[in-house]
Structure formats: structure tokens, C-alpha cells
1. If you take the charge dipole of region 57-104 about its Cα centre, with +1 on Lys and Arg Cβ and -1 on Asp and Glu Cβ, which of L97, S74, Q57 is farthest toward its positive end?
2. Quickly rank 59-68, 329-338 as a protection proxy: mean count of other C-beta atoms within 10 Å, highest first.
3. Check which residues have an amide H placed less than 5 Å from Y28's amide H, if you skip close sequence neighbours.
4. Enumerate the calculated ³J(HN,Hα) couplings along region 145-157 in order (Karplus 6.51 cos²θ - 1.76 cosθ + 1.60, θ = phi - 60°), each rounded to whole Hz, writing x wherever the residue is Gly or Pro.
5. Can you list the residues, at least 5 places off or on another chain, whose amide H is less than 5 Å from the amide H of S428, using H built in the peptide plane?
6. Answer rounded, prolate or oblate for region 45-191, using the Cα gyration tensor with square roots of eigenvalues a ≥ b ≥ c: rounded when a/c is under 1.5, else prolate when a/b is larger than b/c, else oblate.
7. Largest first and in whole Å, what are the equivalent-ellipsoid semi-axes of region 235-300 based on the Cα gyration tensor, each being the root of 5 times an eigenvalue?
8. Find the Cα radius of gyration of region 284-323, compare it with 2.2 N^0.38 Å by division, and give the number to two decimals.
Amino acid sequence: MKKKLICLALAVLLALSLCVPSLAAEEYGVIYDETEVLNSPSVTYLGEQLLPMISEQFGIELRVDVLTVMDYDSVEEAAEAIYDAYGYGFRDDRRGLVLTILMEPSGSTYAMEDGNWCVYLGGTDNSLREGGLDTKATLAVAPYMAEQAWNGDDLTVSATALSQATEAMANAVLDYFGGETEPDAPAEPAVGPEEGTEPDADTSLGYVVDAANLLTYEQWAQLELLAEEISLRHGVGVYIVTVDDYTDYGTGGVFDVTTQIYHGYDFGVGSERNGAMLLLSMGSREYATFFYGEKTEYAFDSYGQKKLEDSFLDKFGENDWYGGFTDYLDACEDYLTQAEAGKPVRAPLTGSIGLVIVLACLASLAVCMSLKRRMKTVRQKAEANEYVCGSLALTASDDRYTHTTETRRTIENSSSSGSSSHTGGGGSGRSGSF
């Protein structure tokens with residue numbers, strides 16, 4: 001009897017020990033959270049409804065793993081190992097996309113060190129990698145992984161950022177496959193205008209995409225709100241994109257890649273996809289602007305595009321990213337407002353007046369030269385007494401040096417940054433360095 005009781009006690013202890021791992025984390029559908037503190041109605045909805053719905057519709061499993069410990073050298077290695085160990089992936093080819101985040105304990109809270117996250121694409125379908133699905137999803141998620149949102153100061157901010165990042169990954173998949181879905185309930189809104197207000201175009205990446213992590217979370221949220229308000233008010237999407245190296249996102253020069261990002265991510269508002277985009281590539285410190293659509297190019301002609309640069313290049317030269325982006329958005333608002341009033345920014349008339357003056361001077365010079373050619377008998381005399389008529393006789397003469405007149409022309413020192421204008425991608429724009 002005693003042995004039976006001991007066996008029973010050991011069995012209970014063993015059962016409890018096996019239950020401990022399952023209690024060490026919370027699962028919200030396909031969202032796994034080892035911190036147990038990042039839940040929200042939006043996270044639950046995404047994990048239990050939206051992600052599974054997209055997985056079934058397109059045959060690719062979408063998951064999110066929030067880890068607190070790992071035995072690997074990098075988050076990427078941990079994501080790959082977990083994917084294989086737990087059999088992630090959809091059907092035979094095991095297609096799957098997983099957002100993996102490492103939030104380590106920090107006192108009484110959890111925090112993510114900068115860069116401790118990744119989007120992992122698993123499975124044997126190489127066409128997804130060749131098509132750049134993982135890159136597209138990473139670029140979509142990046143703005144919501146700013147260090148300020150994950151430093152442990154406020155975990156409700158982290159929970160909001162988690163839902164926004166998850167929704168951005170889902171939208172990237174929808175955009176990649178060209179599909180649409182009708183969720184039963186809306187997710188918790190991201191930072192933006194009033195709930196229920198939607199732009200005319202697909203803005204799944206948001207208006208401010210900070211893949212280079214130049215902004216704090218609060219700065220990004222303010223810029224996103226401002227850009228969205230301007231875009232909805234004027235019917236022209238106003239976008240900011242920062243990347244570490246533009247060559248990772250397309251081919252050609254920085255302007256060419258800007259047009260490829262604009263069209264590849266379906267930027268723009270309305271059926272004509274009107275929009276203005278500013279791209280910063282931090283590795284080479286290059287920028288490009290792109291203006292697309294008849295309404296946009298009316299507000300930003302070649303002169304206006306050049307003048308627009310004056311609003312932000314000085315701030316970028318001082319590494320004041322938030323200030324430069326704010327000035328860029330304010331200038332876009334001003335240009336669009338003036339265009340709607342029928343008074344778009346244009347080159348001043350003083351330039352035309354100056355041209356008229358120059359032409360008039362040239363015409364006058366031509367008349368004077370013609371008159372001069374007719375005075376063939378007039379010659380300069382060698383000595384002063386040759387100009388004297390009558391009885392005046394000079395008894396002596398001499399030449400004395402008094403002064404020399406010297407004319408100098410100032411050579412301008414050019415301080416141009418080498419910026420240039422472009423046309424392409426159905427629109428126009430400029431590029432240069434900062």
C-alpha cells in the first residue's frame with residue numbers, strides 16, 4: 001500500500017513537472033508570448049482569427065513567437081530551430097512566415113535589445129524567397145520595432161507595437177499574393193486619424209517606413225499621424241521611407257529604386273495613385289524624391305521639387321532626422337494647399353523679367369555695334385596736338401603715367417551637392433546626397 005502511494009505521488013509530481021512548461025507562456029491562437037503580458041483584444045483577434053484565415057486562404061502559415069530566453073547565437077538561428085522543432089509550416093511544402101522577438105527579463109519587466117527580432121520564411125517553396133516575401137514583410141514590420149516601443153518602460157506600448165507589427169506582416173502577405181480578406185472585426189487601430197477612417201489606397205506599410213531605425217517610437221507615431229492627415233485631406237499620399245542600403249530593395253540608382261518601392265508596395269491614393277515619396281539611404285547618405293500622378297505633379301513641378309529640398313536637406317546634413325521629416329511634411333502640406341487654391345508653387349516672375357532685360361541689352365548692343373562699324377573715318381590720334389585746329393602751336397610735349405585701370409571678375413565657388421532631376425516610373429523626381 002505504501003509503495004502504491006509513493007508511486008501515485010511520483011506520478012502526480014511528474015504530471016505537474018510536465019505541466020510547468022505549458023504554463024510558462026500564453027498562446028493567443030498562433031501568437032506565442034513567453035512574457036505573458038503582451039495580450040490585448042487586438043492581439044487575440046489577430047492570433048485566433050486573422051492570421052489563421054490568411055494561412056488557409058493562401059497556404060502559408062503565419063505565426064508570432066515572443067521569447068524570453070534562447071540557447072542560440074542569434075534570433076535568426078532561434079527562429080529557424082523552433083520552426084523545424086515544432087513543425088511549423090503549411091501542408092507538404094511547409095510554407096510559413098514567422099515574426100520572432102526576443103524580450104529578455106529586465107528587473108520586473110521585459111525589454112528587447114535593438115535588433116533582437118526577425119521575420120523568418122520557412123518551407124521548401126523557393127519561389128517565395130525569390131519573390132522577396134521575407135524582405136517585403138521585414139520592411140513592413142520594421143517601423144513597429146523601434147527600440148523606444150520595446151525598452152520595457154511601458155509594456156502596454158509594447159503590446160500595441162506587437163499588434164501593429166503582426167498586422168503589418170499580415171498585410172504584406174495579402175499584398176504579395178494580391179488577395180483580400182474581410183475580417184469579422186477590426187483590429188485595434190494603429191496610430192492615425194479617427195477609427196473607421198480609411199484611405200482610398202492600400203497603405204499597408206503606413207506612410208512612414210523607418211527601416212533604418214532613425215526615429216524613436218514617439219517620433220514615428222507623430223510623423224505617421226501627420227502624414228496620414230495630409231494624405232487624407234488632399235487625396236495625395238505623402239510617404240517617408242528610410243533604409244540602410246537602397247540596393248537591397250531594387251536595381252539601378254537611388255531614384256530608380258525609389259520608383260520601384262513606390263510601385264512595388266502600391267503607394268499612392270485614389271485610382272491614379274497620386275503620391276509624393278522621400279527615400280533616405282543611410283549607408284551612402286543619398287536621398288531621392290518621387291512624384292506620381294497628375295494632381296501631384298501639378299503641385300510639385302520641376303521648380304517646386306527643387307525648392308522642396310530646401311525644407312529638409314539642411315536638417316539631414318546635421319543628422320536631425322525628425323526635424324527634417326517634419327519640415328518635409330509641412331512643406332508638402334503647403335504645396336498641396338496652394339495647388340488646390342489654383343496657385344501652385346512656381347518659379348518667380350523676376351526670372352522672366354530678367355530674361356527680357358538681358359534680351360533688350362543684347363539688342364541695344366547689336367545696334368551700337370552696327371553704328372560703330374559705320375564710323376570708318378574716325379581714328380584715335382597718337383598725340384594730343386593732332387586734335388588741335390587753328391594757330392595754336394605747342395612748344396613742348398611729354399607723356400606722364402598717372403594710373404592703371406584694372407578690371408577683375410569674381411569666380412563663383414560652387415557648393416552644389418550634385419543633386420539632379422529625373423523622370424521615370426511614370427513620374428518625376430530628384431536625387432542627391434545629404
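What follows is calculated from the coordinates using simple rules that are stated; it is not laboratory data. For clarity, every value in this text was computed on a predicted model and none was experimentally measured. Ideal geometry is used to build each Cβ from the backbone, glycine not excepted, and the neighbour counts take in all protein chains shown.
1. Q57
2. On the way: 59-68: 22.8, 329-338: 19.4.
Descending packing order for the listed peptides: 59-68, 329-338.
3. D33
4. 10, 4, 4, 4, 7, 10, 7, x, 5, 9, 6, 5, 5
5. Sorted by chain and number, the residues that satisfy this are F291.
6. Values: a/c = 1.89, a/b = 1.27, b/c = 1.49.
Judged from the Cα gyration tensor, region 45-191 comes out oblate (a/c at least 1.5, b/c at or above a/b).
7. Numbers: eigenvalues 94, 25, 17 Å².
Listed largest to smallest, the semi-axes of region 235-300 are 22, 11, 9 Å.
8. On the way: Rg = 11.9 Å, N = 40, 2.2 N^0.38 = 8.9 Å.
Compactness ratio reported: 1.33.
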